[in-house]
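The values are calculated or read from the model by the stated rules, or taken from the named source; none is laboratory data. Everything numeric in this text was worked out from a predicted model, so none of it was measured. All Cβ positions, glycine included, derive from the backbone under ideal geometry; neighbour counts span all protein chains shown. Just so you know, the surface numbers come from the protein's heavy atoms only, side chains and all, with ligands and any DNA or RNA stripped out. Shrake-Rupley method; radii C 1.70, N 1.55, O 1.52, S 1.80 Å.
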Amino acid sequence: TFARDVGALEFTTHQGNCFEVTLEDMEALKERTRAFHEPGRFIPFLGYEWSGTTPMGGDHALFFFDEDVALHRCSHWLQTDLSDAENDRDHITKIYDTFRGTRMISYPHIGGRPSDISFHEPELEPVIEIHSKHGTFEWFLEESIERGYRVGFAAGSDDHYGHPGAVYPGPQIGHFATGNGLTAIYAEELTREGVWGALKARRCYATNGARILLKFQVNGHWMGEEIESEGPPRIRVEAAGTGPIERIEVPFEGEQIQILL
């Protein structure tokens, strides 16, 4: 309710740390996800945070298109019911193996257990999260580029207070000292299929909380597309932000580029 009516979000997910989520919690989350699903107004996704340590792959926010999915924790730490312990996946690569070929999206996340993107799985990770209440992580973006990954970028809350979309900076220095981020997408329609398709196509961008409208095209193609250009690429930018544009940075190696504002 907060995400929809106060945070003014159009799509969201609830990400409990997997080792804290009980089987009863998971069933309740499925029920709430179905109850709040309202195409054209609000699209919730079932999910949880796979919360392994960094050597195990680190935090990854998992999103599911469908609601009838099993819970695969990194461990049964903090669990008293061990009846589903065989479902544990103690490394992020085992999560990839489990969900490869299904409708699941994984966001590598910098949280309590920073993600290690050397384990990147292109099929399941079209985007990487670069901002949350934990801070802004441009180095995460830069590392993905240096590794040659073809990914888009997202941002979220992870506020631990239940206020997605409207979380203000905390009083402490460092941990949780910033506000929530936002992910913007270009989708044909506000449906689960529309949002999912835009994320898979990397037709999205991240902000550190400001509701900025950005249309960025290269030779008439949308962000996220892969194209070949016979001459200097023509970059067209349309932006509606919160103040005058101070500068534009376009990391590029090669021929001359043109930027049209």
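Structure data summary
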item: Cα centre as origin, Lys/Arg/Asp/Glu Cβ charges: region 95-231 dipole, Debye; result: 460 debye
item: Virtual spin-label span in nm between Ile145 and Thr80, 7 Å along Cα→Cβ; result: 5.1 nm
item: Radius 10 Å from Cβ of Ala240, net charge of other residues (Lys, Arg +1; Asp, Glu -1); result: +1
item: Length released on extending from Ala35 to Val218, taking residue separation times 0.36 nm less the Cα-Cα span; result: 61.9 nm
item: Angle in degrees between helix 23-36 and the longest Cα principal axis of the chain, rounded to the nearest 10; result: 50 degrees
item: Carbon and sulfur %, accessible surface of the chain computed with the full protein complex present, 1.4 Å; result: 52 percent
item: Euclidean distance of C-alpha centroids, region 79-158 and region 23-44, integer Å; result: 22 Å
item: Check: region 197-240 dipole with +1 on Lys, Arg Cβ and -1 on Asp, Glu Cβ, in debye; result: 280 debye
item: Region 155-246, Cα convex hull volume normalised per residue, Å³; result: 153 Å³
item: Net length gained if the chain between Asp5 and Val250 were fully extended (0.36 nm per residue, minus Cα distance); result: 84.6 nm
item: For peptides 76-88, 194-206, 46-58, sequence by mean Cβ density within 10 Å, most packed first; result: 46-58, 194-206, 76-88
item: Gyration tensor (Cα) of the chain, equivalent ellipsoid semi-axes in angstrom; result: 32, 21, 19
item: Rel. contact order, % - alpha carbon contacts under 8 angstrom, at least six apart, the chain; result: 14 percent
item: All Cα pairs of region 1-146, percent lying beyond 27 Å; result: 21 percent
item: Geometric extent, Cα atoms of region 96-203 - Rg, Dmax (angstrom); result: 14.5, 43
item: Antiparallel %, DSSP beta bridges [both residues in the chain], to 5; result: 70 percent
item: By average C-beta atoms within 10 angstrom, highest first, the peptides 61-71, 216-226; result: 61-71, 216-226
item: Coil-residue trypsin sites (Lys or Arg not before Pro) of region 27-87, DSSP, other Cβ within 10 Å capped at 15; result: Arg41
